[in-house]
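The values are calculated or read from the model by the stated rules, or taken from the named source; none is laboratory data. Please read all numbers here as calculations on a predicted model, not as lab measurements. Don't worry about glycine lacking a Cβ; one is built from the backbone with ideal geometry, like all the others, and counts go over all protein chains shown. With ligands, DNA and RNA removed, areas are computed over all heavy atoms of the protein, side chains included. Shrake-Rupley method; radii C 1.70, N 1.55, O 1.52, S 1.80 Å.
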Amino acid sequence: EAKGLGRNRCRFFRSALQEEATRRGRIANELRGAIAGDQFRLFYQPIIDLGTGEVVKAEALLRWQHPQMGLVSPAEFIPVAEQTGEIIAIGQWVFEDVLRQITAWDAAGLPPIRIGVNRSPVEFRQSADVLDAWAERLAEHGLSGRRILVEITEGLLVELSDTVRDQFERLQGMGIALSLDDFGTGYSSLAYLRKFDVDFLKIDRAFVQGVERGSDDLALCEAIIVMAQKLGIEVVAEGIETEDQCALLVTAGCRLGQGFLFSRPLPADAFAAYLRGAAQHG
Ligand code: C2E
Ligand code: MG
Ligand code: MG
Ligand code: MG
């Protein structure tokens, strides 16, 4: 009886694994048609000055609406795209769509905020020549690199290859800021921060969500904020969901924040409306 149960459970796990592999395979195949099929959309999540409530930046987050599979999360399809190499084309699409959007918002008279794009380590590992195309696109749109910020992950700093270093320099040479994403979850070490001149650091939401009076997570956030201040790096707290978390982070000296408390990632039109509302209400 117990044995039978065990066997059933194994069968269950095996079929769950098979299903997952099938879905992964399907995603890998279908991703190739996503750009041509106009299935990608960028959503925008505001980054707020916690002192004034002003929207100072936004993060562009990719959404994939598949005609049959429905909305697929980037947490699911980005790792697949990294494996198949499709991430290169996707990264280019994201960059160009962000420039198109900034140009449209500028024309509509919205405040000229800076937009952050996530860039995968896989994109950084290819030749730095890709960034020539970025410079060309910026010039075509008549935009300064100062309107863009690239979010990178800690793994890149550890890797520290010449190609990666070269790309950091090229990006910053164009005026594009670097923001260290998900800080605290990877190899995050002070030594790496010293080697690279990153402009922003985003405290991972895993820590932010544990922030309450007297908690270890609050102590960690405080330490990160003090350290960053001394290194001249601006801190953004990611994933703020409650007023309490917000208040404690402000007291700890954190100036910028992002999270569901302010807004979820929004489609471009809804984001523009949010930005207009925030501009009016101060
Ligand atoms: P990330 O760059 O760390 O983005 C922040 C994630 O946290 C987003 O998830 C966002 O929706 C979510 N988030 C923001 N505030 C809150 C909050 O208050 N509570 C909770 N529970 N979550 C919050 P999303 O959009 O699902 O993206 C997941 C990850 O996928 C991103 O993490 C990023 O690593 C990757 N990604 C998204 N778009 C792109 C892209 O265009 N290119 C690349 N290479 N990666 C992307
Ligand atoms: Mg990010
Ligand atoms: Mg993050
Ligand atoms: Mg993340």
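Structural remarks
- Qualifying residue in segment 117-125 (condition: more than 15 Å from ligand 2 (Cβ to nearest atom), surrounded by fewer than 19 Cβ atoms within 10 Å (Cβ to Cβ) and not in a strand (DSSP E or B)): yes
- Positions within segment 188-243 being out of contact with any Leu (no Cβ under 6 Å at 6 or more places or on another chain), among the hydroxyl-bearing types (Ser, Thr, Tyr) and away from ligand 1 (no atom under 16 Å from the Cβ), in sequence order: 189, 215
- Residue selected from segment 124-142 under the condition under 30 Å from residue 107 (Cα atoms) and of a type in the set (A, V, I, L, M), by the criterion farthest from the chain's Cα centre (by Cα): 139
- Taken together, 89, 177, 135, 75 contain a single residue that is surrounded by fewer than 17 Cβ atoms within 10 Å (Cβ to Cβ) and either of a type in the set (D, E, K, R) or over 30 Å from residue 19 (Cα atoms) (or both), which is 135.
- Breaking point among (1) at pLDDT below 95; (2) surrounded by 18 or more Cβ atoms within 10 Å (Cβ to Cβ), for residue 58: (1)
- Residue 27 vs. criteria assigned to a strand (DSSP E or B) and crowded, with 19+ Cβ neighbours inside 10 Å: no
- Among residues of segment 253-282, those that are buried (at least 17 other Cβ atoms within 10 Å of the Cβ) and of a type in the set (Lys, Arg), counted: 1
- Close Cβ contacts (under 9 Å, 6 or more residues apart or on different chains) running from residues in segment 236-250 that are closer than 17 Å to residue 182 by Cβ and within 16 Å of ligand 4 (Cβ to nearest atom) to residues that are open to solvent by 60 Å² or more (accessible area, probe 1.4 Å) and in a loop (DSSP other than H, G, I, E, B) comprise 236/255; 239/209; 239/260; 240/209; 240/260; 241/209; 241/260.
- Members of segment 228-252 found to be under 28 Å from residue 147 (Cα atoms), open to solvent by 40 Å² or more (accessible area, probe 1.4 Å) and not in a loop (DSSP other than H, G, I, E, B), listed by number: 229, 230, 231, 234, 250
- Of all the numbered requirements in (1) of a type in the set (Val, Ile, Thr); (2) open to solvent by 30 Å² or more (accessible area, probe 1.4 Å); (3) out of contact with any Asp or Glu (no Cβ under 8 Å at 6 or more places or on another chain); (4) within 30 Å of residue 254 (Cβ to Cβ), residue 94 misses one, and that requirement is (2).
- For beta carbons closer than 7 Å, sequence separation of 6+ or different chains, a first residue in segment 171-197 that is away from ligand 2 (no atom under 16 Å from the Cβ) and at pLDDT 85 or above and a second that is part of a loop (DSSP other than H, G, I, E, B) and open to solvent by 30 Å² or more (accessible area, probe 1.4 Å), the qualifying pairs are 175/144.
- Which numbered condition residue 62 fails, given (1) outside any helix (DSSP H, G or I); (2) among the hydrophobic types (A, V, I, L, M, F, W, C); (3) over 19 Å from residue 181 (Cβ atoms): (3)
- Candidates 125, 100, 137 - the one that is touching an Asp or Glu at 6+ places or on another chain (Cβ under 7 Å) and away from ligand 4 (no atom under 15 Å from the Cβ): 137
- Residue count for segment 189-204, restricted to those that are open to solvent by 40 Å² or more (accessible area, probe 1.4 Å) and in a loop (DSSP other than H, G, I, E, B): 2
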